[in-house]
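Down below is the structure, laid out as structure tokens.
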Amino acid sequence: MNLQTLSLPLKISNQSLYLIISLGIGITFYFLILLFGLPELLNQFFLETNNLTIFIITIFAVLYFAYLPNGWIGILTSFTATLVLFSLQLSQQWQSLLPSSIGNGYIFSGLLPLNDANIYYTSALRLLQGETFTDTGSLRPLSHGAIATILGLTQENLQITLAIIVLITAISCFFLAREIKKYQGTIGSAIILTLMFAFIRPYIGSVATENLGLAVGALATAAMWRGLHSQKLKICLFGLFLLTIALNIRAGVFFILPLFLAWSVWFFKEKSQLSSPFVFGGISVILLGFILNSLVFKLVALPGIQPNGNFAHVLYGMTVGGNWTSILTDHPEIHNSQQRYQIAFEALLNNPLALPRGFLRAWDQFFLQDFAFSFLRSNSINFSLQILSLVAIFYCLHQWRTAMGSFMLMGLFGVLLSLPFAPPWDAGTRIYAATIPFFALFPTVGLTYLCRKFKLSVLTKTSQIDESPQLLINFSMGLIIFMIVGTMITKIVSHTPKFSEIICPQSLETAYFFNSAGSSINVVANNVQKKSYIPIAKVKDFKESFVIYKSDKNFKQFFDYMDELQPNRSLISKINLANNQGIWVITDTNIIPKDKGIIGVCGKSIKLPHDHWFHGKLFFADSMKLVSK
């Protein structure tokens, strides 16, 4: 037998082995950091609130050197560095009991979901009991469905669920950074990954839709970037499909989809004629993305809710010169989404000039008021990125006939058309989660162009190995299948739980919840252990963790109750299985049964303003009993 015939399979086998080892090392470091926490110096660095300029530059420098090597060593260093970066941020949150430096109102004491995130978490738990999502939760079925599936697989362990979501986001960002290195060099991969991390940093450790929106958006951008440079029609189509899914996960600049379709029709032309396969294929993949979202929506959404029903809020707010809450203020009597659409369109018909005014207002705030990269919270870096973006735009205008130049210009035009309907004044930069990777391409391209212009080739060193896109495609497909099919299976196999009822004294109420690890905060005395680390919270750290929220008078009573918590008390976030509503159980830690299963609780609930939105209803438990395993 010819030995040469054995060399290729052996080589491929070795490459696969190196890849598996590299990925395994990165994931191992990721979970080790989450398991053991951070040294105090690193914890303070990732908690930085004042000097984000130094923080961002440091992250950028570390990522540059991690992405500098080529070959399997480069995969090892870049993949590990990416995962370590994200795990350090999550570990900081669990150790300090605080979200990232800028806060977001989505996380209480490092773990428990607040505000919108509380609704999403409650919706996911409801799905596990065979119920539909809540009204607001129904608007984003793909993200909450994936969270429900992970919660189901982890037996409702919120901590492990959050760790998996952050891991998915980190790996997705890694795929885009690797694609950027292939064509824009090491400095390009470092800058785009730094920007994506800076954007998602406030949402790391939450169940907010921004996490999976950014993840799938990064995969979409990676696929389209690979497709346009390699001129592969199918890969571009796949990227367009992923972007459609990303925008259904986290609604944003939808008009970018038809503009990318138009670009592709022009770019993949054959003999000066339009590429009919792409016209059909492009429309098909966009429709497929919406159809899949609609199928999941019909299965899990609350009856009477329309998909993306909050667009009526946005349209009305733009028309009257307000924001998305204007329709709630002006028409508090209307609760049906269809009626809100009718009111919004009537307002627009009565004031047709509101549309051009909305365009000008949105463009002014996004481009002229330092908004585009405001999530960095660094004026100097924000300004620098805007300059680099302008350089990229001029470069693309000069290169408008090329694949990259035309792609970025068409995408920019799609953003311009979308801004009034995804306005900066409604939700800050988080509404652009799915397209933040595309936004980040502009300073990335601008910087690499300048480096090459001034012959700084060492900074733009590209990968010399033509890596197959198969791993990117397989991971992306696996994630989408998990989100869609996983949600459907979770809904189909979930059912109303059966358990024995308990009898409480007449003066007390009953409640039931599924007892599981990783979904509670256990408050202990300050001298019990050296540092807090979720689920253990020293009482001093616990009370300091919500100081940033105390200025909100709407929730003063809630924080007064939290201030009263003493050592050996636990706070558990679940849904009450008696009515499938969110509930925060406050109890003596010592009376919580050790076994997993459904627990019956006797105690008293307290109705607070906005508790259906901000957090679950507070329930002070006097006794607990395991009623079903």
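Going by what's in this entry, would L158 be described as in the same structural domain as V458 (by TED's automatic domain parsing) and in contact with a Pro (Cβ under 9 Å, 6 or more places away or on another chain)? Yes. L114 meets all of the listed conditions (1) over 23 Å from G24 (Cβ atoms); (2) assigned by TED's automatic domain parsing to the domain that holds K181; (3) modelled with pLDDT under 95 but one, namely (2). The single condition among (1) under 29 Å from R201 (Cβ atoms); (2) assigned to a helix (DSSP H, G or I); (3) without any contact (Cβ under 8 Å) to a residue 60 or more places away in the chain that P356 does not satisfy is (1). Of all residues in region 314-353, those satisfying the criterion of being touching a residue at least 60 places away in the same chain (Cβ under 8 Å) and of a type outside the set (F, W, Y) are V314, L315, G317, M318, N323. Every condition in (1) of a type outside the set (S, T, Y); (2) in a helix (DSSP H, G or I); (3) surrounded by 24 or more Cβ atoms within 10 Å (Cβ to Cβ) holds for I235 except the one numbered (3). Take M224 and decide whether it is within 19 Å of F55 (Cβ to Cβ), more than 9 Å from the chain's Cα centre (by Cα) and crowded, with 24+ Cβ neighbours inside 10 Å. Judged against the criteria, M224 is not a match. Do we find a residue being among the charged types (D, E, K, R), assigned to a strand (DSSP E or B) and either within 21 Å of G205 (Cβ to Cβ) or without any contact (Cβ under 8 Å) to a residue 24 or more places away in the chain (or both) anywhere in region 527-548? Within region 527-548, one or more residues are among the charged types (D, E, K, R), assigned to a strand (DSSP E or B) and either within 21 Å of G205 (Cβ to Cβ) or without any contact (Cβ under 8 Å) to a residue 24 or more places away in the chain (or both).
Of all residues in region 79-111, those being small (G, A, S), closer than 22 Å to I171 by Cβ and modelled with pLDDT of 90 or more number 3. Please specify each residue of region 379-432 satisfying the condition of being within 22 Å of M224 (Cβ to Cβ) and among the small types (G, A, S). Of everything in region 379-432, those that are within 22 Å of M224 (Cβ to Cβ) and among the small types (G, A, S) turn out to be S389, A392, A403, G405, S406, G411, G414, S418, A422. Within the bounds of region 130-138, is there any residue that is within 23 Å of I436 (Cα to Cα), modelled with pLDDT of 90 or more and out of contact with any Cys (no Cβ under 7 Å at 6 or more places or on another chain)? Scanning region 130-138 turns up no residue that is within 23 Å of I436 (Cα to Cα), modelled with pLDDT of 90 or more and out of contact with any Cys (no Cβ under 7 Å at 6 or more places or on another chain).
Taking the numbered list (1) in the same structural domain as T444 (by TED's automatic domain parsing); (2) out of contact with any Leu (no Cβ under 7 Å at 6 or more places or on another chain) in turn, M410 passes all entries but (2).
Counting only helices (runs of 4 or more DSSP H) wholly contained in region 424-522, the ones carrying 1 or more residues that are free of Cβ contacts under 8 Å to residues at least 12 places away in the same chain occupy 436-453, 470-493.
Of the candidates F46, F60, the single residue that is under 15 Å from A177 (Cα atoms), touching a residue at least 40 places away in the same chain (Cβ under 8 Å) and not aliphatic (A, V, I, L, M) is F60.
If you go through region 1-23 and keep only what is exposed (fewer than 11 other Cβ atoms within 10 Å of the Cβ) and either at pLDDT 50 or above or touching a Pro at 6+ places or on another chain (Cβ under 7 Å) (or both), you end up with S13, S16, I20.
The values are calculated or read from the model by the stated rules, or taken from the named source; none is laboratory data. This is a predicted model, so every value here is computed, not measured. Neighbour counts are summed over all protein chains in view; Cβ atoms, including those assigned to glycine, are modelled from backbone coordinates with ideal geometry.
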